[in-house]
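The values are calculated or read from the model by the stated rules, or taken from the named source; none is laboratory data. Small disclaimer: the values here were computed from a predicted structure and weren't measured. When we count neighbours, we look across all protein chains shown, and the Cβ atoms used for this are built from the backbone with ideal geometry, even at glycine. Only protein heavy atoms, including side chains, enter the accessible area calculation; ligands, DNA and RNA are left aside. Shrake-Rupley method; radii C 1.70, N 1.55, O 1.52, S 1.80 Å.
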Amino acid sequence: MQRLVLFDLDNTLCDRQGALAKWAADFCRAHGLGSGAEGHLVDALQERAYPATFERLRHELFLEAPATQLWDDYVTGIAARVPRRPDVIEGLEQMRAARWRLGILTNGAADIQRAKIAAAGLTRSVDAIVISEEIGARKPEADAFHVAVARCGGTPWEEGWMVGDNPENDIRGGQSAGLRTIWVSQDRPWLDHLSPPDHAVPDALSAINLLLSTTQTRTAR
Ligand SMILES: [Mg+2]
């Protein structure tokens, strides 16, 4: 039987935080805005960003460009600042060679999530890309996980996993959908009021290596 793993995108497979910080600094420089505006942009876009977010920011920062143009520039600008991780891509290829089915399950707007996935070189590394805006369900809703599992195809699963950095959306959501979980902790402490993940690792590459090692252990038996 096959194994399945769903990966979160932002701050799991791709460094959204780093890309956002760089984009905000460059945007403020280009528009003659001060450091206060830079912090405001990062705060406003920290958790999520949609075209409507730029309607609000446009007024708050007295920007002349229409919100649609600001959004398009944001999509292009963030994608251009997402680093490509050859070691992560190689790890995903090793997982597929070991008969894992791989999916990306991410909350967000379809255009920017797909632009980041392409820029990070991940489009062809997974079997399914599932974005909340396209399916009408968001993590931690169980429906979002069920759609992603179905799109990876090939049931029944020997086991299914969710890997992500968000305790609520990725870990609690994954648990409620019947998946085992790996938390990408980035060295943060776990939140005591939530049921703990099966494993905590510092980054996505460590999660990939952990899952690969379980495959190899079983093959060696
Ligand atoms: Mg995330």
Could you check region 1-35 and list, in sequence order, the residues that are in a loop (DSSP other than H, G, I, E, B), within 16 Å of the ligand (Cβ to nearest atom) and open to solvent by 20 Å² or more (accessible area, probe 1.4 Å)? N11, D15
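Considering only residues of region 162-175 that are in contact with a Ser or Thr (Cβ under 8 Å, 6 or more places away or on another chain) and either polar (S, T, N, Q) or free of Cβ contacts under 8 Å to residues at least 60 places away in the same chain (or both), which is nearest to the ligand (Cβ to nearest atom)? Break it down into steps so the answer makes sense when it comes.
Start the filter on region 162-175 by keeping residues that are in contact with a Ser or Thr (Cβ under 8 Å, 6 or more places away or on another chain), which leaves 162-165, 170-172, 174-175.
Going one step further and asking which of them are either polar (S, T, N, Q) or free of Cβ contacts under 8 Å to residues at least 60 places away in the same chain (or both), we end up with 171-172, 175.
Values: I171: 11, R172: 13, Q175: 16 Å.
For region 162-175, the residue satisfying everything is I171.
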Write out, first by first residue and then by second, each pair whose Cβ atoms fall under 6 Å of each other, whose residues are 6+ apart or on separate chains, and whose first residue, in region 123-134, is at positive phi while the second is open to solvent by 10 Å² or more (accessible area, probe 1.4 Å). none
Find the residue count for region 36-46, including only residues that are crowded, with 19+ Cβ neighbours inside 10 Å and away from the ligand (no atom under 16 Å from the Cβ). 2
Restricting the search to region 176-197, which residues are within 16 Å of the ligand (Cβ to nearest atom), more than 17 Å from the chain's Cα centre (by Cα) and either free of Cβ contacts under 8 Å to residues at least 24 places away in the same chain or not in a loop (DSSP other than H, G, I, E, B) (or both)? D187, R188, W190
Which of (1) assigned to a strand (DSSP E or B); (2) open to solvent by less than 30 Å² (accessible area, probe 1.4 Å); (3) within 16 Å of the ligand (Cβ to nearest atom); (4) out of contact with any Asp or Glu (no Cβ under 6 Å at 6 or more places or on another chain) does E159 not meet, given it meets every other one? (3)
Exclusive hit being open to solvent by less than 70 Å² (accessible area, probe 1.4 Å), more than 15 Å from L210 (Cβ to Cβ) and in contact with a Phe, Trp or Tyr (Cβ under 9 Å, 6 or more places away or on another chain), set P167, P196: P167
Tally the residues that are in contact (Cβ under 8 Å) with a residue 12 or more places away in the chain and open to solvent by 60 Å² or more (accessible area, probe 1.4 Å), restricting the search to region 53-71. 5
Out of (1) outside any loop (DSSP other than H, G, I, E, B); (2) open to solvent by 60 Å² or more (accessible area, probe 1.4 Å), what's the single condition that is false for R84? (1)
Condition broken by G108, with the remaining ones in (1) more than 13 Å from the chain's Cα centre (by Cα); (2) in contact (Cβ under 8 Å) with a residue 60 or more places away in the chain satisfied: (1)
Looking only at region 200-216, decide whether some residue is crowded, with 21+ Cβ neighbours inside 10 Å, at pLDDT 95 or above and assigned to a loop (DSSP other than H, G, I, E, B). no
Among the residues that make up region 102-113, is at least one of them more than 16 Å from the ligand (Cβ to nearest atom), assigned to a loop (DSSP other than H, G, I, E, B) and surrounded by fewer than 17 Cβ atoms within 10 Å (Cβ to Cβ)? no
